[in-house]
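Here's the structure, in structure tokens; my notes come after.
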Amino acid sequence: MLLIDEHIIANKKIITSKEDIEEIGVIKDKPRRETHFYNLTANGILFAKLKKEIPYKTQAELNTFLDLDENNPVYVNGYLLEHDTYTIATESIAEVELVAPNNENNLTEKVINIWTLTQEERENGCALSQMK
């Protein structure tokens with residue numbers, strides 16, 4: 001998970017060169033429950049401040065686009081966004097999935113799950129790549 005400027009959720013493809021990066025930090029272990037990004041860190045989280053503008057969509061905009069209530073829950077890579085301040089980098093969206101309630105997921109309403117991982121990355125894991 002990559003968090004840009006403390007609120008934009010993105011994937012590693014958003015960083016195209018070292019020159020894009022102003023500042024970077026990593027959390028490898030799951031933090032205490034009190035942190036606002038607690039449930040997004042199952043596999044660690046990378047924080048970055050970039051020198052370039054990142055186009056994004058708010059959770060309300062994504063919900064409205066799919067004809068859902070603007071306050072409907074939004075998930076990223078299967079993790080619930082617990083705060084509505086998070087936005088999603090548009091160029092990091094690999095797939096938008098509309099998930100209906102069923103016996104397996106225990107949802108009470110339709111929700112959006114935004115995938116920033118490709119199908120291959122979901123099945124085989126994410127490989128670390130060298131930046132140019």
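Nothing in this text is a laboratory measurement; each read-out follows from the coordinates by a stated rule. Everything numeric here is computed off the predicted structure, so don't read it as measured data. Note: ideal-geometry Cβ built from the backbone for every residue, glycine included; neighbour counts use all protein chains shown.
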Exercise. In nm, to one decimal, how far is the modelled label at Glu82 from the one at Val99, with both set 7 Å along Cα→Cβ?
Worked result: 1.6
Exercise. Using alpha-carbon pairs under 8 Å, 6+ residues apart, how would you state the relative contact order of region 2-124 in percent?
Worked result: 25
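Would you tally the net charge around Lys110, using a Cβ to Cβ cut-off of less than 11 Å, leaving Lys110 out, and scoring K and R as +1, D and E as -1?
Taking every other residue near Lys110 into account, the sum is -4.
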For this session: Over region 43-108, calculate the relative contact order: mean separation of alpha carbon pairs under 8 Å at least 6 apart, over the residue count, as a percent.
Result: 29
Problem set entry | Sequence of Val26, Val96 once ranked by neighbouring C-beta atoms within 10 Å, starting from the fewest | Val26, Val96
Exercise. What is the fewest-to-most order of Lys18, Lys12, Lys52 by other Cβ atoms lying within 10 Å of their Cβ?
Worked result: Lys18, Lys52, Lys12
